[in-house]
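What follows draws every value from the coordinates through simple rules; no lab data is involved. Quick caveat, the model's predicted, so the values are computed rather than measured. Here Cβ is always computed from backbone atoms with ideal geometry, including for glycine, and neighbour counts include all displayed protein chains.
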Amino acid sequence: MPKVYLTIEGEDGWPRTSSLKVDRKVLLQRAEEHIKNGPNKGVSITVGDTQAAEGAGLDSLGMVRVAMQIEEEEERLFYNMKAVASFLIHAAHFFEQIDTAWDGSPVFDGESWHPTTKLKVAKDSPVLTKHWIIGDAADPLFIIALAFTDSLVGKGPNIRDFGLFVIWEQYLWLFPFLVKPFSDSLGLRMDGGTGWFLLMLLYCRIFLLTFEKLRLPGFLQIILVLTVWVVVCFTVEQNNLPASWYMATNMPLGLGCVDKLCKADLPKGGVVETLGRIFINGNMHYEGMGFEFGYFVIYVKWFPMIAEYLIFFHYREQIMRRVRVAYRWVKEKLRYDAAVLVLRIALLVLFSINWLGYSHWKSNAKFFNIGNVNHLIHLVNAIAMIPVLYECGLSLPRAGSTILGYFIVGYELPTRVFEASQVFSACAAVNNSWIGYPLQTLLGFAYVIGWINTVSVLVAFGITGQFRLAAAAYHKVVAWRQSPKASA
């Protein structure tokens, strides 16, 4: 067999099934045709991994096998990244609420805005003198994983874009009337505002599709978004925002106000307010959440997130090639699997903690403020987790596909359920730092993992199930119309 590489030029060159996955049977057929008929100028497979290619053999079928192996490895990595992001974002809000006291005042005091029940068990770590501050690496980690996954589908619009828009509108106008009354009937409080992330993801797709329609190269798309972000930070002034809003610093919060709280002269019932209700907030927001959801068409902190999506969407192959090289280099140096495992765990803990939170550093500078610096640190932590999670021996497709349930349910309901449980009562009986804090932390982690693998699974299944049901009904109707009974 000829020792050659076959290359498929561009994303559109990959054969796809009806579900938009790579059609491996067609790849095998192309390899066999190459063996029989010689090279085809329009068809090739580039795995970008010389070591793996040499290990499998450089013949055409060997290259296909390597490509399939790499595809499986990357799929496991993307699921694991989403699973870790889901765990971090659940755990961060869970412990933040458990460890934060609230006096019941409706006015934001600048320090504690989470309504919660005080936990009697020791809330402070005897080692850190404060609770474990889990960082927000979850946001960029999930953005990276989503960008990687979307890049496999292609640069054009697809049915999932429509589905994301439908879910966003349901979040505004349907789920609050279903989930919130149910939680209220159980005596639980549900006021989470996590839907902002859904809207940000929708903007990521809108920016990408718009840029692709304009035929702008990937690097230029990224530069444009980052340029807008920097210019807005330095030029836009917003000094008339409510003083109670969280993180109301010198940096502007958003562009295109759709509410009277951020624009007093906005006509009530006018076009702007009406469209804002339909597409932006649905009148679900409350004043304490002004910093991230419901008052502006787009928030300034979303621009770097959109840029991150574009970076990892356009440069997935180059990034993953370096991840594989780094992983193999470290594995060769350490030699023992046990040493690699210890290093993985240590790095995961290291990059999961918001170390800046212990320094109490604050800055209201226009660009290098606490919000932007924190986000940069979280991005670095998320990038560092990619090689750590690569080929880690775990496959978490269920936990990695339930993050949607978190966006819908919010972050307060899981904590309220925990506080109403017998486990919470058992924790409340302990009031020793050295015993109580580790107990609270371990039980909290176990509860979060259980919530992700049960409630979040059911919620995500219910949300995505509507699309599967609609698709099944559509195929049934099409099949019936083509049947002899319909023609008769």
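Shown here for region 294-351: trypsin sites (Lys or Arg not before Pro) in loop regions (DSSP other than H, G, I, E, B) with at most 14 other Cβ atoms within 10 Å, namely R335. The ranking of D23, D136 from fewest to most other beta carbons within 10 Å of each one's beta carbon is D23, D136. What FRET efficiency comes out for L350 versus V430 if R0 is 41 angstrom and r is the Cβ-Cβ distance? Round to the nearest 0.05. Efficiency computed from Cβ-Cβ geometry: 0.90. Between E391 and L28, the FRET efficiency from the beta-carbon distance, with R0 = 25 Å, is close to 0.55. Under 5 Å between amide hydrogens, built in the peptide plane, is the criterion, and for I134 it picks out N354 among residues at least 5 positions away or on other chains. Across region 437-442, rounded Karplus estimates of 3J(HN,Hα) from the backbone phi angles (6.51 cos²θ - 1.76 cosθ + 1.60, θ = phi - 60°) give 5, x, 5, 4, 5, 5 Hz, Gly and Pro being marked x. The label point for R160 and the one for V297, both projected 7 Å from the Cα toward the Cβ, are 2.7 nm apart.
Full extension of the chain segment joining W329 with H360 gains 7.4 nm, where the gain is 0.36 nm per residue of separation less the Cα-Cα distance.
Strictly greater than 15 Å: what percent of every Cα pair in region 291-350 meets that? Of all Cα-Cα distances in region 291-350, 69 percent exceed 15 Å.
Taking amide H positions as modeled 1.01 Å from N, with prolines and chain starts lacking one, the residues under 5 Å from A365 and 5 or more places away or on another chain are I370. Taking label positions 7 Å along the Cα-Cβ direction at both K260 and V236, the computed distance is 2.3 nm, reported to one decimal. Take every pair of alpha-carbon atoms less than 8 Å apart whose residues are at least six positions apart; their mean separation over the length of region 272-397 yields a relative contact order of 21 percent. Estimated from the Cβ-Cβ distance and a Förster radius of 51 angstrom, the FRET efficiency linking Q422 and R215 is about 0.25.
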